[in-house]
Every structure is written in structure tokens, then in C-alpha cells.
1. When only residues in region 149-169 that are within 16 Å of the chain's Cα centre (by Cα) and in a loop (DSSP other than H, G, I, E, B) count, which is surrounded by the most Cβ atoms within 10 Å (Cβ to Cβ)?
2. Residues of region 1-50 being touching a residue at least 60 places away in the same chain (Cβ under 8 Å), hydroxyl-bearing (Ser, Thr, Tyr) and part of a loop (DSSP other than H, G, I, E, B), which ones?
3. Exactly one of these conditions fails for Ala41: (1) farther than 21 Å from Lys289 by Cβ; (2) surrounded by 19 or more Cβ atoms within 10 Å (Cβ to Cβ). Give me its number.
4. Filter region 237-257 down to the residues that are modelled with pLDDT under 75 and over 12 Å from Leu322 (Cα atoms) and list them by number.
5. Is it true that some residue in region 173-191 is under 30 Å from Gln321 (Cβ atoms) and either out of contact with any His (no Cβ under 6 Å at 6 or more places or on another chain) or at pLDDT below 90 (or both)?
6. Under the condition of being without any contact (Cβ under 8 Å) to a residue 12 or more places away in the chain and surrounded by 13 or more Cβ atoms within 10 Å (Cβ to Cβ), which residue from region 281-303 is farthest from Glu140 (Cα to Cα)?
7. Kindly provide the set of residues from region 157-189 that are of a type outside the set (Ser, Thr, Tyr) and more than 23 Å from Lys73 (Cα to Cα), ordered by number.
8. Let me confirm something: among Ile54, Ile89, which residue is crowded, with 19+ Cβ neighbours inside 10 Å, in contact with a helix residue (DSSP H, G or I) (Cβ under 9 Å, 6 or more places away or on another chain) and modelled with pLDDT of 95 or more?
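The values are calculated or read from the model by the stated rules, or taken from the named source; none is laboratory data. The structure presented is a predicted model; accordingly, all values stated were derived computationally and were not measured. In this analysis, Cβ positions are derived from the backbone assuming ideal geometry, glycine residues included, and neighbour counts consider all displayed protein chains.
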Amino acid sequence: MRITAVTCVKNEGPFLLEWIAFNRVLGVTDFLFYSNDCTDATDKILDALQDRGIVTHLPNPAQGRNYQMEALKAAKKHDLVLASDWTWIADVDEFLNIHVGNGTIPELIEACGDPHAISITFQFFANCDIDDYVDKPVIEQFTRSHNPDIWCDQTAQEVKTLIRHDFPVKYYGAHRPFMKDKLSKDRRPKWTDGSGRDVPWKYRTAANKRRIRKFPAGGARNFATLNHYALRSLDSYLVKNDRGDVNRENRDFDDTYWRERNDDAWEDTSIKRYLPRLRAEMKALMADKEIADLHAEAVAAHKATLDRLLADEDYVTLRKQLKSVPKLSPAELALLELIA
């Protein structure tokens, strides 16, 4: 089975090898990376891996700032995707945690009845009070999250989607494919969640305004969960802000994103069963001295960026602020106030 992972990256150098190795354990056979404006050796790592036939690396085709959607538009026509049995569109901080068999994508597909698409529900993993960035697997460090059935005040959550080659794709979205218009009943795809259940019809047709989150989470993860490590360490979150995820120009730092994802009431260590296989794959990649040296360069760049940021009074303030804010989201606190 040929499975292609498609992703967009900017300054993810220290985390690339873990994500690639992990997806190889899952059964991903091909990788299509689009990068833009990298300053931390991300592009150099990908170029070196491309030279060895491990990934395909292209500059992001976006002319403006719509990097992800322009890349997905290009990916739909790329030879790797066209030749694949399945396409997996995900980010480098997202890890597909499969609960059936040995935890591989082919086993997940079989458990779900070989549908045309499988949408897997997010589980947002918290910072776990880890301040310092260390060069060790993310999936090993961060083991606490919100209750997987409830995120903030919502019982419906985001997903990412595995897409079979014959899905009637109109265009790819970051979270799910969009179907071609006016399909006859016999051409409508079989589309399941991570428990093999049919996805809601309104979700299929994108009939709701907040379609990425109108997906019931309860009972949706029997076969797989999507572990999302959006925060990682406090140090890495500061570097992520500097990369451009948070617009801080002429305004105070906004801690909403952090607070929405830092509920650590629930422990989940199930993904750790992958660690022996992950370490073996990472060791094989790092046995190549050039790859190992480029990874070390990315780690050094990550730490150097942090040092630069912590010389900035605004970032020192942000660091203190994030350490002091409640671990419940604003929406959850508002609900508690109503109950009180």
C-alpha cells in the first residue's frame, strides 16, 4: 500500500526527524513537504533527505500568505499524490495514534471497513509544566490532555483526514477533503470517523458554518486518535510565536491559543507503545552523519532563537504570563461562573 503524507513547514527543524520516523512506523511510504522562509535548517534537512530518496521537498507555491491552501492545491496534482493509494494531510505537531493491531495505517483502514476517507479526532496535549526545550521525542514528553470527549466548552472537535485515491475530491482542505458537487447516490463516498462510524451528513456536505469543529467527539476514537502537540515546551512555544503563529505587532500578547490547549486534567500514555519503533527509525536516519549534523544545527538554531527572544522584554513578559494563567480555557471558566 502506498501512503503519501503531505505537510507544510516553516522552521520545524528540531522536530522533523521524529515526525518522519513516526510516520514511517505507521506505514507512510512517501512524504511531500512544502516549505517557506526557513531559517533553522528545516529546508537543508529536507533537501538532504530528498537526496537520499526519503522525502520530496518543494518550495511553497503561495504568492501571498495563504501557504497551506496553495500547497494543498498543488499537492492534488502532484505525481506522488496521484500515484498513492492513500493521502494523509497533517502537520508536524500532529501524530496519528492508532489503537488497533500494531498501530499502522493499513490496520486502521481495515478496522474502518476500507472506506474512501477516515476523519480522526484531535486530542490536544498540554504543556505539562515543561518549560525547557530538550532534544527528545515529543510523544515521550507530553502525556496529559483535556478529556478527549470535551475540548473547552465543546463536545464537537476538529479532525484530520486520511483520503483514499478514489475519493471524489473537489479540493483538499487542511482538515478534510471537499466532495465534488451533485454526486449521484452511487458515487457518494464511504466516509468514517476513527471508530468506523459514518460521519454526519452535514459534515460531509460542509453545510455548517464551523465545519472543522462540528464533528462529535464522543465515541469517535475507538480505532485512532490524532494527538496534537500544539504547545510543546514553553520555550518552543515562544519560538513558535516568533515564527509567526501569533501576531503581536502593536498589541498585547494573546494567550487564548495557549489556554485553549493547556488543559492537562487527563493522562494518556497510549502513544508510548510506538517509542521503541520510533527510536529505531530515528537512529537509522541519524546514522547518516550529514543528517545528524543538520539536525544538530536545527536544534542549535532553535536554542539561539530562544536566547534572542528572552533578551526581548515583551517575550520575558509573555513567558511569565503563560506560566501564570489558568489551565482552564476562557470558555470553561465562563461555564463555571454560570454554574456558580
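1. Result: Gln157.
2. Thr39
3. Just one mismatch for Ala41, condition (1).
4. Our first condition is that a residue be modelled with pLDDT under 75; within region 237-257, this holds for 244-254.
Residues satisfying the conditions are Gly244, Asp245, Val246, Asn247, Arg248, Glu249, Asn250, Arg251, Asp252.
5. First, the residues of region 173-191 that are under 30 Å from Gln321 (Cβ atoms): 174-175.
Narrowing further to those that are either out of contact with any His (no Cβ under 6 Å at 6 or more places or on another chain) or at pLDDT below 90 (or both): 174-175.
Within region 173-191, one or more residues are under 30 Å from Gln321 (Cβ atoms) and either out of contact with any His (no Cβ under 6 Å at 6 or more places or on another chain) or at pLDDT below 90 (or both).
6. Among those residues, the one meeting the criterion is Asp293.
7. Step one: list which residues in region 157-189 are of a type outside the set (Ser, Thr, Tyr), which gives 157-160, 162-170, 173-183, 185-189.
Gln157, Lys185, Asp186, listed by residue number.
8. From the options Ile54, Ile89, the qualifying one is Ile89.
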